[in-house]
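A short write-up of the structure that comes next.
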Amino acid sequence: PTEAEWEYACRAGSEGSRYWGDDPNQACTYENVADLTGKRKWGWDDIHSCDDSYVATAPVGRFQPNAYGLRDMLGNVAEWCQDTYKSDAYARHWLNNPINTEASGPEAHRVIRGGSWHSKPAESRCALRASGLPAGRNDDLGFRVVRQP
């Protein structure tokens, strides 16, 4: 998706930092994140005060959906977006949300959204933006497959 499409889908009409509200400690109901499971396994300190029972990636669809019925929009595996990354993209295009294609090729960083299974409370939010090179591979980064009923 484009970055604008991704955020629209994640927010699902909500206006808070997370699609279920602003309490990060409800995260384990809606997403797979850094939590008490990670603290026990790796000694993490900056965690959500809940336990989703997954120390790394979780099977798809294990958590509650947002208002649009979409699952796993935050946490578990972050998602590649079509746009190239510009740190000031929102300041420059806050009204029309175009696809940012100002740079291209294998050295152009792409937008990554959604956080992952090791997202801390401050990172678990619909507006979080990150970037990476298209050739990057990791167990916390991927893309979404949509199935229509």
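Some values worked out for this structure:
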{"read-out": "Hull volume in cubic angstrom per residue (convex hull over the Cα atoms of the chain)", "value": "119"}
{"read-out": "For region 53-63, Karplus couplings with θ = phi - 60° (6.51, -1.76, 1.60), whole Hz, Gly/Pro x", "value": "6, 10, 7, 9, 5, 10, x, 4, x, 7, 10"}
{"read-out": "Derived scalar couplings ³J(HN,Hα) [region 116-121; Karplus, 6.51 cos²θ - 1.76 cosθ + 1.60; whole Hz; x for Gly, Pro]", "value": "8, 5, 10, 6, 7, x"}
{"read-out": "Under-5 Å amide H pairs with LEU141, H placed in peptide plane, nonlocal only", "value": "ALA78"}
{"read-out": "Cβ-based charge dipole, the chain, positive-most Cα from ASN25, PRO149, GLY13", "value": "PRO149"}
{"read-out": "Estimated FRET transfer efficiency (VAL55, ARG144; beta-carbon r; R0 22 Å; 0.05)", "value": "0.50"}
{"read-out": "Under 5 Å, built H, 5+ apart or other chain: amide partners of SER131", "value": "ILE112"}
{"read-out": "Residue-wise HN-Hα coupling along region 134-149, computed from phi with Karplus coefficients 6.51, -1.76, 1.60 (Hz; x: Gly, Pro)", "value": "x, 7, x, 9, 7, 7, 10, 9, x, 9, 9, 9, 10, 10, 8, x"}
{"read-out": "Given 10 as the ceiling on other Cβ atoms within 10 Å, longest exposed-site-free region of the chain for trypsin sites (Lys or Arg not before Pro) in DSSP loops", "value": "1-136"}
{"read-out": "Loop chymotrypsin sites (Phe, Trp or Tyr not before Pro), region 59-92, which have at most 15 other Cβ atoms in a 10 Å radius of their Cβ (DSSP)", "value": "TYR68"}
{"read-out": "Long-range amide H partners of TYR85 with built H, under 5 Å", "value": "HIS109, ARG110, VAL111"}
{"read-out": "Debye, to nearest 20: dipole size of the chain, +1 on Lys, Arg Cβ, -1 on Asp, Glu Cβ", "value": "260"}
{"read-out": "MRE, 222 nm, helices only [DSSP H, n ≥ 4, -39500 (n - 2.57), over the chain, to nearest 500]", "value": "-3500 deg cm²/dmol"}
{"read-out": "Highest-MSF residue in the chain out of SER87, SER119, SER14 [GNM, Cα springs under 10 Å]", "value": "SER87"}
{"read-out": "DSSP-assigned coil residues among GluC sites (Glu not before Pro) in region 1-96, each with at most 10 further Cβ atoms within 10 Å", "value": "GLU15"}
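Every number in this text was worked out from the coordinates using simple rules, so none of it is lab data. Because the structure is predicted, anything quoted here is derived from the model rather than measured. Here Cβ is always computed from backbone atoms with ideal geometry, including for glycine, and neighbour counts include all displayed protein chains.
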